Amino acid sequence: MTSQPAAPLLSSSHLLGIEGLSPAEIIALLDLAQTYVVQGRSGDKKTGLLNGRTLINLFFEASTRTQSSFELAGKRLGADVLNMSVKTSSVSKGETLIDTATTLNAMRPDLLVVRHQDAGAAELLSRKVDCCVINAGDGAHEHPTQALLDALTIRRRLGRFEGLVVAICGDVLHSRVARSNLRLLSMMGARVRLVAPRTLLPAQADRFGVEIFTDMKTGLAGADIVMMLRLQLERMSGAFVPSVREYFRFYGLDRQKLAWAKPGALVMHPGPMNRGVEIASDIADDVEVSLISEQVEMGVAIRMAVLDALSRTFPREGRNT
Amino acid sequence: MMRPVAFRGCRLIDPASGLDVKGGLLVENGRIADVGPRLFNDAEPTDPEVIDARGLVLTPGLIDARVFTGEPGSEHRETLESASAAAAAGGITSMVVMPNTDPVIDEPSLVDFILRRAAGTAKVRVLPCGALTKGLKGEVMTEVGLMREAGAVAFSDADRTVSNARVLSRALAYAANFNALVLGHAEDPELTAGASATEGEFATRLGLPAAPALAEAMIVARDIALVELTGARYHFGQISTRASLQIIAAAKARGLPVTCGVSAHHLSLNELDVGAYLTFRKVRPPLRSEDDRAAMVEGVASGTIDIIVSSHEPQGADTKRQPFAAAAAGSVGLETLLPATLAPAHDGQVSLMRALDALTAAPARIFRLQGGTLAKGAPADLTLMDLDEPFQVDAEKLHSRARNTAFEGRKFQGRAKMTFVGGACVYDGR
């Protein structure tokens with residue numbers, strides 16, 4: 001355990017979204033995460049910062065990479081990590097989200113990471129439990145640690161946000177990643193563009209201070225970063241776009257489309273990828289342009305930084321009895 | 001190399017520019033090389049084949065934006081070849097063919113099939129319309145982007161209304177993405193199910209199953225609301241009631257990207273023309289009241305109705321020689337489109353310029369086609385017509401394979417005499 005309590009870093013004891021964070025808080029989180037990147041690459045990856053603390057991963061939606069990323073982050077900081085995958089069927093058996101929260105709260109966790117298919121679920125939980133709540137994705141609302149890890153990846157490569165042109169492409173309508181990213185990147189001074197067919201663009205997205213394009217050629221022109229979004233399988237067969245082949249033809253990132261972006265433009269994807277749907281394999285695997293593996297590495301560092309920062313809001317004398 | 005063609009002494013009418021003047025026109029290499037009042041006045045054209053067109057009117061080739069053929073799937077009724085022969089004889093140089101064939105034209109390879117078949121067999125330009133939803137089922141959208149690249153000029157579920165508003169709204173948003181034109185058919189499917197006439201006194205006397213005329217305006221209003229939401233370019237393939245006309249006029253006044261057409265039969269006939277259960281006059285939507293028909297003429301005159309179409313729909317004796325309710329709807333119309341359009345012009349209800357505009361410049365503008373104009377450099381798609389020649393429709397003399405005309409025996413004034421596609425004569429009826 002560190003003897004000296006670290007200085008507080010966040011004004012809230014929850015991380016529910018990028019909305020609510022200040023630019024200074026984001027910079028502080030990125031700086032802190034940077035130290036964990038270094039630590040993650042060293043031989044001894046572990047500290048005892050969260051020794052004796054309990055982290056619960058509460059996932060109502062299946063997720064391999066986010067859940068394991070939080071699990072690893074918690075373990076590297078010394079916390080006891082409990083993974084709970086709650087099938088939606090048990091909810092239909094009658095237990096409400098609030099019931100689940102009350103049950104978990106009684107186990108006295110210190111940190112609760114929650115992913116849920118409905119927007120606002122993390123917010124609701126945060127009002128019902130005594131511990132810190134981290135939103136690991138709620139419906140199409142926010143996924144703040146993804147936006148933070150993307151920001152860390154971008155800053156390490158390009159050293160800045162101000163003036164960067166970032167094209168977020170694909171299924172914006174259903175994407176919490178897009179919403180968190182556009183909030184963060186706009187706040188930090190990047191010029192964000194949304195590029196998607198109209199059927200996959202949320203209404204009045206222009207109100208976020210972003211530029212909207214329905215065509216990849218104009219949307220990618222001059223972009224420093226091309227951020228591709230995953231298109232869910234069930235949305236490719238006629239409801240939102242007519243077919244995989246048509247989507248790939250007009251919106252899938254291949255060499256020809258990437259050439260429309262700024263020379264040397266970098267490609268990101270939150271994963272998991274649909275190769276041949278939103279991104280061509282040769283781009284995904286090209287280490288010269290693809291930051292996709294680096295994003296995963298930054299994910300662990302960012303989540304360690306978030307756990308660290310939130311732990312500084314723990315009450316000194318433990319929870320109320 | 002095609003020999004140049006010179007038209008002398010004709011009346012040139014070009015609705016695209018408002019030109020209406022006596023003069024000449026020269027065609028070279030399939031395009032309009034020169035045009036004007038003084039052309040060939042003094043000097044005889046030297047090399048070209050000269051067509052003495054005195055007393056005749058030369059207009060841009062007519063464009064029929066709503067044609068049903070039987071190819072593929074019902075070739076016994078009509079093929080692209082036989083439909084194109086009828087089109088040429090009717091002065092039509094381009095026809096938009098509807099996708100409700102068997103199979104339905106709902107993917108790029110089938111658009112390509114139509115274009116290849118047309119290139120090999122058709123006398124006039126064939127412009128395929130792709131399906132808006134798979135199998136015309138109104139459930140899932142089609143590959144609008146790929147079909148557009150394959151050559152589809154518009155997207156439509158042909159004679160079906162997409163009843164699911166969510167499906168239509170997504171399909172419109174998706175089409176708007178490619179700035180693609182969507183053609184709508186406005187008939188509420190539930191309200192009109194089983195109906196073969198317009199609700200009213202006449203249908204009641206005949207005892208026919210009928211649906212209220214407002215089944216059309218309801219859908220027109222809904223579709224316009226979705227156009228406003230999505231920004232799609234939308235064209236009602238054919239309207240038939242005054243109520244629809246008023247809604248569309250209001251939408252146009254608000255600047256929405258909405259246009260509409262009317263069929264020659266809804267412009268010319270009313271429900272009483274069904275007489276003693278004449279199945280050849282059973283069309284979709286059913287013929288309307290005289291007030292609605294009169295509204296169609298007013299709509300064309302004012303330009304609220306942009307274009308006039310044949311809604312050419314071949315049927316055989318097997319489908320027409322039936323009790324009225326059981327008979328198939330539809331009438332052939334490629335060869336009567338021009339005469340039926342000229343009728344209200346002869347009557348002074350529509351200006352000649354507007355009537356011809358509805359068959360040339362207006363459809364070219366809506367479908368973004370190169371033709372529809374007599375401008376220098378335009379493709380030499382031309383119709384030479386006699387505005388006054390009287391004739392009586394005789395089904396036996398039609399060029400179309402199917403003979404189910406709603407105009408059998410009707411006396412008209414004015415018809416096509418010669419038709420040129422890309423400078424080549426495809427019909428000579430002199």
Where the Cα pairs of the stretch B:150-246 fall when distances are cut into 10 Å bins, in %: 16, 45, 26, 11, 3
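Quote the relative contact order of chain A in percent (integer), defining contacts as alpha-carbon pairs under 8 Å separated by 6+ residues. Can you show the working numbers first?
Working: 608 pairs, mean separation 64.1, N = 321.
So the answer I get is 20 percent.
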What residue among A:Gly264, A:Gly189, A:Ser12 has its Cα farthest toward the positive end of the dipole of chain A, where the charges are +1 on Lys, Arg and -1 on Asp, Glu, each on the Cβ? A:Gly264
Please name which of A:Leu231, A:Met273, A:Tyr247 has its Cα lying farthest along the dipole of chain A towards the positive end, using unit charges on Cβ (Lys, Arg +1; Asp, Glu -1) and the Cα centre as origin. A:Met273
Here are some pairs, B:Lys376/B:Lys417; B:Lys282/B:Lys320; B:Lys22/B:Lys411; B:Lys397/B:Lys417; B:Lys282/B:Lys411; which of them have Cα atoms lying more than 18 Å apart in this structure? B:Lys376/B:Lys417; B:Lys22/B:Lys411; B:Lys282/B:Lys411
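Can you send over the carbon and sulfur percentage of the accessible area for the protein assembly as shown, probe radius 1.4 Å, protein chains only?
Heavy-atom surface of the protein assembly as shown belonging to carbon and sulfur, 1.4 Å probe: 50 percent.
Which sequence of B:Glu408, B:Glu335 reflects their accessible areas, 1.4 Å probe, from the largest down? Mind showing how you got there, number by number?
Working: B:Glu408 90, B:Glu335 30 Å².
The ordering from most to least exposed comes out as B:Glu408, B:Glu335.
Any idea of the total accessible area buried by the B-A contact, 1.4 Å probe, rounded to 100 Å²?
Working: alone 16360 and 14130 Å², together 29060 Å².
Summed over both sides, the interface buries about 1400 Å².
Sort B:Cys425, B:Cys129 from largest to smallest accessible area, using a 1.4 Å probe on the heavy atoms of the protein chains. Provide the component values of the computation, followed by the final result.
Details: B:Cys425 65, B:Cys129 0 Å².
Descending order: B:Cys425, B:Cys129.
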Tail weight of P(r) past 13 Å, computed on alpha-carbon pairs of the stretch A:32-85, percent: 60 percent
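Averaged per residue, what accessible area in Å² does the protein assembly as shown show with a 1.4 Å probe, protein chains only? The partial results should precede the final answer.
Values: 29060 Å² over 751 residues.
Heavy-atom SASA per residue in the protein assembly as shown reads 39 Å².
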If you average 1/r over every pair of different alpha-carbon atoms in chain A and take one over that average, what Kirkwood value in Å do you get? 20.2 Å
Length-normalised contact order of the stretch B:292-430 in % [C-alpha pairs under 8 Å, at least 6 apart]: 24 percent
Using modelled amide H (1.01 Å from N, peptide plane; none on Pro or chain starts), what sits under 5 Å from the amide H of B:Val262, excluding residues fewer than 5 places away? B:Ile239, B:Ile307, B:Ile308, B:Val309
In whole angstrom, the spacing between the Cα centers of the stretch A:35-82 and the stretch A:94-126 equals 19 Å
For a quick check, take a GNM of chain A with Cα springs below 10 Å and name the residue from A:Thr145, A:Thr153, A:Thr103 with the largest mean-square fluctuation. A:Thr103
For the stretch B:340-430, convex hull of alpha carbons as volume per residue, Å³: 129 Å³
Two decimals is fine: what is log10 I(q)/I(0) at q = 0.09 Å⁻¹ for the stretch A:196-309, from a Debye sum with one equal scatterer on every Cα and no solvent? -0.27
Please report how far the C-alpha centroid of the stretch B:398-415 lies from that of the stretch A:129-150, rounded to the nearest whole angstrom. 70 Å
Net charge near A:Leu72 (other residues with Cβ under 15 Å of its Cβ; Lys, Arg +1; Asp, Glu -1) is +2
Would you kindly compute the Cα radius of gyration of the protein assembly as shown and its largest Cα-Cα separation (Dmax), both in Å? 33.4, 111
May I have the pair-distance distribution P(r) for the stretch B:320-386, computed from all Cα-Cα distances with 10 Å bins from 0 and rounded to whole percent? 17, 36, 27, 16, 4, 0
Could you name every residue in the stretch B:153-195 that has 30 Å² or more less accessible surface in the full protein assembly than in its own chain alone (probe 1.4 Å, ligands and nucleic acids excluded)? B:Arg170, B:Ala173, B:Tyr174, B:Asn177, B:Phe178
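Counting only DSSP beta bridges with both residues in chain A, what percent are antiparallel, rounded to the nearest 5?
5 percent
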Give me the log10 of I(q) over I(0) for the stretch B:256-344 at q = 0.13, 0.22, 0.25 Å⁻¹, as the Debye formula computes it from C-alpha points; what are the numbers? -0.44, -1.08, -1.28
Explain nothing, just the number: relative contact order of chain B, from Cα pairs under 8 Å at least 6 residues apart, as a whole percent. 20 percent
Given a Förster distance of 30 Å, the FRET efficiency implied by the Cβ-Cβ spacing of A:Met273 and A:Glu211, rounded to the nearest 0.05, works out to 0.75
What order do B:Ser163, A:Ser293 take when sorted by accessible area (1.4 Å probe), most exposed first? A:Ser293, B:Ser163
Report the charge-dipole magnitude of the protein assembly as shown in Debye, nearest 20, computed about the Cα centre from +1 at each Lys and Arg Cβ and -1 at each Asp and Glu Cβ. 1520 debye
Once the whole set of protein chains is in place, how much accessible area is left on A:Ile212, using a 1.4 Å probe, in Å² to the nearest 10? 70 Å²
Which residues qualify? For A:Trp260, with a placed amide H closer than 5 Å and at least 5 residues away or on another chain, they are none
In whole angstrom, how far apart do the alpha carbon centroids of the stretch B:323-383 and the stretch B:52-81 sit? 11 Å
Simple spin-label model, 7 Å along Cα-to-Cβ: A:Leu233 to A:Lys128 in nm? 3.1 nm
For the stretch B:62-116, the fraction of alpha-carbon pairs in successive 10 Å shells from zero, as %: 25, 56, 19, 0
Where Rh is the Kirkwood radius over the Cα pairs of the stretch B:61-367, the temperature 37 °C and the viscosity 0.692 mPa s, what D in µm²/s does Stokes-Einstein return? 172 µm²/s
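Using only Cα atoms, what Kirkwood radius does the stretch B:1-112 have, in angstroms?
Working: mean 1/r = 0.0607 Å⁻¹.
Kirkwood hydrodynamic radius for the stretch B:1-112: 16.5 Å.
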Dipole of the protein assembly as shown [Lys/Arg +1, Asp/Glu -1 at C-beta], most positive-end residue of A:Leu58, B:Ala294, B:Ser400: A:Leu58
On full extension of the chain, what length is gained from B:Ala317 through B:Ser163, given 0.36 nm per residue of separation minus the C-alpha to C-alpha distance? 52.3 nm
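The values are calculated or read from the model by the stated rules, or taken from the named source; none is laboratory data. The structure presented is a predicted model; accordingly, all values stated were derived computationally and were not measured. Because the Cβ atoms are built from the backbone with ideal geometry, glycine has one as well, and the counts that use them run over all protein chains shown. Keep in mind that these areas ignore ligands, DNA and RNA; they rest on the heavy atoms of the full protein, side chains included. Shrake-Rupley method; radii C 1.70, N 1.55, O 1.52, S 1.80 Å.
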